[in-house]
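We did not get these values from a lab; they are worked out from the coordinates using the rules stated. Keep in mind that this is a model prediction, so the values were computed, not measured. Because the Cβ atoms are built from the backbone with ideal geometry, glycine has one as well, and the counts that use them run over all protein chains shown.
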Amino acid sequence: MNLKDKINEDLKAAMKSGEKLRLETIRSIRALILEFEKSGTGKELNSEEELKLLSSAAKKRKDAIEQYRLAKREDLASKEENELKIIQEYLPKQLSEEEIKAEVEKIAESIGAKTKEDFPKLMPLVMKELKGKVDGKIVKAAVESYLNPSSSN
């Protein structure tokens, strides 16, 4: 079942169960899918594009949570966190920091990356390998930490 079909099924289930936040969140994902389909780019909604849409939606929620916390609006931050949890149900399982560090180490060793000058070579490879399974900020910190172990990031 592709993402569009799953979203439509879950939308019906959320309507029946009366879960307001879940319904809103699923509708927002559905709107992203419809917007993509009507964008006129001629691209197919394949699994890679689905991943991009969902990752983008998740990133927006994470950024909003950060901003709401800075503004001391815990009520709004909490709502965004709940939406993020729903979006993450459609994303691949996110890797832990330990798993990310292990991948960074493995990829770095395979290309011989050792110093911070190797960052431009290592970072894109790690992001490509872990696409959709990680937050870019965590990967960046892991790569910087691996290439510059003496600093305390």
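Worth pointing out:
- Residue among 26, 91, 3 farthest towards the positive dipole end of the chain, charges placed on Cβ: 26
- Computed from the alpha carbon atoms alone, the convex hull of the chain holds 148 Å³ per residue.
- In this structure the amide hydrogen of residue 113, modeled in the peptide plane, comes within under 5 Å of no amide hydrogen from residues 5 or more places off or on another chain.
- Shape class for segment 3-88: oblate, because the ratio a/c of the largest to smallest gyration tensor axis (alpha-carbon atoms, square roots of eigenvalues) is 1.5 or more and b/c is at least a/b.
- Peptides ranked, highest mean first, by Cβ atoms within 10 Å: ranges 86-93, 51-58: 51-58, 86-93
- When shorter helices are ignored and each DSSP H run of at least 4 residues is given -39500 (n - 2.57), the per-residue value for the chain at 222 nm works out to -24000 deg cm²/dmol.
- Highest-first packing order for the peptide set 64-70, 143-149 is 143-149, 64-70, based on the mean count of other beta carbon atoms within 10 Å.
- For the chain, the longest principal axis of the C-alpha atoms and the axis of helix 119-129 are separated by about 40°.
- Counting every pair of alpha carbons in segment 91-147, the share spaced more than 12 Å apart comes to 59 percent.
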